[in-house]
Amino acid sequence: MPALAHTTRAIARQWTAHQLPVARAAAASTTQSRSVSEVHSPSSSFDSPFKGAGSSPKMPSFAAYRNKSGGETAPKVFSYFMVGTMGALTSLGAKATVQDFLVNMSASADVLAQAKVEIDLAAIPEGKNVIIKWRGKPVFIRHRTADEIKEAEDTKWESLRDPQSDGDRVKKPEWLIMLGVCTHLGCVPIGEAGDFGGWFCPCHGSHYDISGRIRKGPAPLNLEVPEYDFPEEDKVVIG
Ligand code: FES
């Protein structure tokens, strides 16, 4: 009996080994057929535009969004018109603003009238001083004599406190034009006075020579020469 049982188990193992590959192949074919049926399932709710990719993709249509009134140029013309109009209006507004600002900032007519002053030099005799008012300040105009011109030119100006030659202070030697404001603390000097025959400031004792250069006293600088010009022979315009 043990021999019979051993023979029976050997036959069973042999049969199992023969049947196992066949069973595996059947199971694989079942799995594969289920996968294919799932891919092609008609019950899927997603209608993909890429279905059947590889042949021809399905592209969405934008025809519903196109302008059907005037083609593609009509909206462009309207856009260009609006941009151009707004640009022009903005430019006009900016121009008006800047123009108003400049007009407001510029000097008024009465200020311009005071900015320059014209003097008739023929009325000033030689050797005399005239004081005029220009922009609220006194201006000295001296009609110098030949001796005064020579004295002013012969002075060794290089060693002065504020070195300046007479030629740098006048446009015509006979006409000395300068502000009548002492360069110390702003007093008005007195003409034809002082130790150097020019101007003397009584406030603290500054002496200016016949060219308006500081020669003695606390003032640090020469009397200032303003802007002026001779438009005609006997006329000077200051400013
Ligand atoms: S202000 Fe002229 S000397 Fe002082």
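Just checking: which of the strands (runs of 3 or more DSSP E) contained wholly in the range 166-226 hold 1 or more residues that are in contact (Cβ under 8 Å) with a residue 60 or more places away in the chain? So that I can check it myself, show each step before the final result.
Working: elements: 175-179, 190-193, 197-201, 206-209, 214-216.
Ranges flagged: 175-179, 190-193.
Would you be able to say whether some residue in the range 230-237 is at positive phi and touching a strand residue (DSSP E or B) at 6+ places or on another chain (Cβ under 9 Å)?
No - not one qualifying residue is present in the range 230-237.
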Q) Counting only residues that are in a helix (DSSP H, G or I), surrounded by 13 or more Cβ atoms within 10 Å (Cβ to Cβ) and more than 40 Å from the chain's Cα centre (by Cα), how many does the range 92-131 have? A) 1
Q: Starting from the range 114-126, keep only residues that are within 19 Å of Thr145 (Cα to Cα), then list their pairs with residues that are of a type in the set (S, T, N, Q) and surrounded by 12 or more Cβ atoms within 10 Å (Cβ to Cβ) whose Cβ atoms are within a distance under 6 Å, requiring at least 6 positions of separation or different chains.
A: Glu126/Thr145
Q) Just checking, which of Trp199, Trp134, Trp175 is among the aromatic types (Phe, Trp, Tyr), open to solvent by less than 80 Å² (accessible area, probe 1.4 Å) and within 14 Å of the ligand (Cβ to nearest atom)? A) Trp199
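The values are calculated or read from the model by the stated rules, or taken from the named source; none is laboratory data. Please read all numbers here as calculations on a predicted model, not as lab measurements. Note: ideal-geometry Cβ built from the backbone for every residue, glycine included; neighbour counts use all protein chains shown. To get the accessible areas, we keep the full protein, side chains included, count just its heavy atoms, and leave off ligands, DNA and RNA. Shrake-Rupley method; radii C 1.70, N 1.55, O 1.52, S 1.80 Å.
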